[in-house]
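Working notes for the structure below.
The values are calculated or read from the model by the stated rules, or taken from the named source; none is laboratory data. From a predicted model like this one, the values you see are computed outputs, not experimental measurements. Counting neighbours? That spans all protein chains shown, and the Cβs are built from the backbone with ideal geometry, glycine included. Note: accessible area is taken over every heavy atom of the protein model, side chains too, but ligands, DNA and RNA are not part of it. Shrake-Rupley method; radii C 1.70, N 1.55, O 1.52, S 1.80 Å.
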Amino acid sequence: MKNNTQHLPVMTPLHDNIRYYPYYQFFRNCYFWGPAFFLYFTSVLTLSQTLWLESVYYIWVAVIEVPSGYLSDRFGRKKVLVFSSVFLSAAYLCFFFGRSFPVFGLAQILLGTGFAFASGTDAAFHYESLYALKRDSEYGAREARALQFSLTAGALGAVGGGALAVFGLKWIYAASFLASMASLGVMLKMTEPAPVAGAQASLQATVAGVIKKSWTRRFRFFTLFSLTMTVLLSFPYEFYQPYLGKVAGAMGMALHTTPFFTGLHLAATMLIASWFTRFGKGIRHRCRVRMMLMATALFQLLIIYAMAVMIHPAVVVLLLIRSCSKAISMPLINAELAPLLAQSERSTYMSLQSLAGRVSYGIILFILPLGSSLFSDRFHGTLVLAAIIGSVLIILVRMTPFYRDSSQHCCSDHTLHPHHC
């Protein structure tokens, strides 16, 4: 009698990584604090202290972003992701129990550290788990599925946080703590994909090498595109709430901004984006990859121009799908870059990519007030300048060659230029 079990795949701890990773992303991204954190801060601190508190976060993330990627490349993905959940949980406890600026400042540092430790490391952990199982060809589709879990969690957190804030603002952090602890529990069930191969260079040498690589012919398009998308995605997020207020005013309606209704709007945005994660799956043809990426960038620019040109309810509907570009482009970018990076630099590269986008957007925020002098309506002038900056960035990306290997399939009219598409 034949043993039918001999043909079954051998299950290993790495299979648990693939199985549990979407659930790790779900719990880590349940940000119940999203709809009401600013209201909570101003209920405890003055407005000036609240703004200083935000600056503490952004400055600290800029400081810790690259070292966190290096630590991941040097000591392993799982260790860094475990500490990420620990830092986030500690931050939420500080926010829940704290009643002073120093405690909230410490919480912001812990929060920034938690986010920085996961930035790039989670994608590297996922790819290396699949690579070890010789299933790295599934990475793009599985990243899209994990992003779908993440966006769904964001929607749940937005609605739940808005509802909790009605009973007490600090409870948004109690719920976030429980979700973060759940992400820690899931990560502890997973296994380090592989030990770091080879000797690890110093932080300075690793960063210098990654910066040099990011501007080579093979990476240049993706470097510019990622920076551009960070900026284009940030504009609608930064201005959608005051824009909604202007639309309500134009319609003769009194806008009562409450955490619950803010949460509903954010939840709808996240749920719609989670549905759009399916559209980037399985795209390998070089022209189609570039076409899809450029289309997502142009769509973001369209939203910014629409906000700048008119105050209309139709734009409010358009703003509900502002995160769809991220849902489509992020899995594509990760699937393109992960196989091209060595294990010892993968997380550092992704951290640098994230930092470059944030720093660029921060610089642009200092420039944007200049646009307010272009028109009598300062808000309108700011958006016009944002649209102009976005247009320049997209032109730069469009002019950058899209490198391809000679073995990669492309259109017949590109056969004479095998390295450009």
> Just the Cα atoms of the stretch 278-387, one point each, no solvent: what log10 I(q)/I(0) does Debye give at q = 0.10, 0.15 Å⁻¹?
Replying inline: -0.42, -0.84
>> Can I get the semi-axes of the chain's equivalent ellipsoid? Compute them from the C-alpha gyration tensor as square roots of 5 times the eigenvalues, in angstrom, largest first.
In response: 34, 29, 21
> Can you work out ³J(HN,Hα) from phi for every residue in the stretch 35-47, in order, using Karplus 6.51 cos²θ - 1.76 cosθ + 1.60 and θ = phi - 60°, giving whole Hz and x for Gly and Pro?
Replying inline: x, 9, 5, 5, 5, 5, 4, 6, 7, 10, 10, 6, 4
> What order do VAL392, VAL210 take when sorted by accessible area (1.4 Å probe), most exposed first?
Replying inline: VAL392, VAL210
> Can you pull the accessible area of CYS324 for me, 1.4 Å probe, Å² to the nearest 10?
Replying inline: 10 Å²
> Given H placed 1.01 Å from N in the peptide plane, which residues other than close sequence neighbours of PHE375 have an amide H under 5 Å from its amide H?
Replying inline: GLY381
>> From Cα pairs below 8 angstrom and at least 6 apart in sequence, can you work out the relative contact order of the chain, rounded to a whole percent?
In response: 24 percent
> Going 7 Å from the Cα of ALA268 toward and past its Cβ, which residues in the stretch 312-336 have a backbone nitrogen under 14 Å from where you end up?
Replying inline: 313-323
> What number comes out for the charge environment of SER176, summing +1 per Lys or Arg and -1 per Asp or Glu over other residues with Cβ under 15 Å away?
Replying inline: +2
> Cβ under 12 Å from ARG77's Cβ, ARG77 left aside: what net charge do those residues give with Lys, Arg +1 and Asp, Glu -1?
Replying inline: 0
>> Give me, ordered by chain and number, the residues 5 or more places off LEU320 or on other chains with an amide H under 5 Å from its own placed amide H.
In response: none
> Largest first, how would LEU51, LEU385 line up by accessible area (1.4 Å probe)?
Replying inline: LEU51, LEU385
> What's the extension gain from MET292 to TYR58 if we count 0.36 nm per residue and subtract their Cα-Cα distance?
Replying inline: 81.1 nm
>> Give the residue list of trypsin sites (Lys or Arg not before Pro) in the stretch 22-121 that are DSSP loop and have at most 14 other beta-carbon atoms within 10 angstrom.
In response: ARG99
